[in-house]
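Report on the structure given below.
Values quoted throughout were computed directly from the atomic coordinates according to the rules given, and no laboratory measurement underlies them. As the structure is a prediction and not an experimental result, all values here were calculated from the model. Cβ sites come from the backbone with ideal geometry, for glycine too, and all protein chains shown count toward neighbours.
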Amino acid sequence: MNIEQSHQDVLKIVAAVQGVVGKDGWADDDAGWNICSSGGTAAAQYTYATTRKLPLHGTPDDVAGKVAQALDAIGYEGARVQHDTTLTPKRTVIGYPNGYNGGTAPDKFGIQFQVNDGYADLSVYGHCVPGNVPKLGTSLNPRPTDVP
């Protein structure tokens, strides 16, 4: 996987989740590139976090179950629905690949999804892939003022 593929993979995951939860109302988007470690060579990781505070189309368990199915459909088989009762209010959660709060894959890839009544939160940590962080102002790393 290269930098462009890793970037597209994160966007595909975000689109799949938003396709289930609803495309409207997502805010506080925090997306960007980070330097990561890849066996001593230059490597980059694209991350994306976003939150939605609108009514759901179903119960939190129903929505999380559909998100798990959507992830399965794009190649992330085995995402399981869990519950975090340590949060207030409690949340239905998904953590991939190692379960909720189970850490990331060896290449630092991971998905965290939380949902409760009127709230959804998604964080995607893309694959750490060889290469340099894309230059600011390019299509893979637009300046904030370049984004509509």
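Between exposed trypsin sites (Lys or Arg not before Pro) in the chain, where DSSP calls loop and at most 11 other Cβ atoms lie within 10 Å, what's the longest gap?
For trypsin sites (Lys or Arg not before Pro) (loop position, at most 11 other Cβ atoms within 10 Å), the longest site-free span of the chain is 24-134.
Could you tell me the center-to-center distance, by alpha carbons, between the stretch 42-67 and the stretch 75-148 in angstrom?
After rounding, the separation between the Cα centres reads 8 Å.
Quick check: residue separation of Leu140 and Asp29 times 0.36 nm, minus the Cα distance between them. What number comes out in nm?
Using 0.36 nm per residue and subtracting the Cα-Cα distance, I get 38.4 nm.
Pairs Lys53/Lys135; Lys12/Lys108; Lys12/Lys135: which are spaced more than 29 Å apart, C-alpha to C-alpha?
Lys53/Lys135
Would you mind working out the magnitude of the charge dipole of the chain relative to its Cα centre, with +1 at each Lys and Arg C-beta and -1 at each Asp and Glu C-beta, to the nearest 20 Debye?
Using only the charged Cβ atoms, the result is roughly 120 debye.
When the helices in the chain are scored as -39500 (n - 2.57) per DSSP H run of 4 or longer and the sum is shared across all residues, what 222 nm value do you end up with, to the nearest 500 deg cm²/dmol?
Helix contribution divided over all residues of the chain: -7500 deg cm²/dmol.
How much net charge surrounds Ala68 when only other residues with a Cβ under 14 Å from its Cβ are counted (Lys, Arg +1; Asp, Glu -1)?
Result for the neighbourhood of Ala68: -2.
How far, in degrees from 0 to 90, does helix 3-21 lean away from the longest principal axis of the Cα atoms of the chain, to the nearest 10?
Approximately 20 degrees, to the nearest 10.
Residues in the stretch 30-68, backbone N under 16 Å from the label point at Met1 (7 Å along the Cα-to-beta-carbon vector): list them, ranges by number please.
Zone members listed by number: 32-39, 43-49.
How far is helix 60-73 tilted, in degrees, relative to the longest principal axis of the Cα atoms in the chain, given as a value from 0 to 90 rounded to the nearest 10?
Orientation of helix 60-73: about 40 degrees from the principal axis.
Among Thr47, Gly65, Tyr76, which residue has its Cα positioned farthest towards the positive end of the charge dipole of the stretch 35-101, with +1 placed on the Cβ of Lys and Arg, -1 on the Cβ of Asp and Glu, and the dipole taken about the Cα centre?
Thr47
If you filter the stretch 1-87 for chymotrypsin sites (Phe, Trp or Tyr not before Pro), then keep DSSP loop positions with at most 10 other Cβ within 10 Å, what is left?
none
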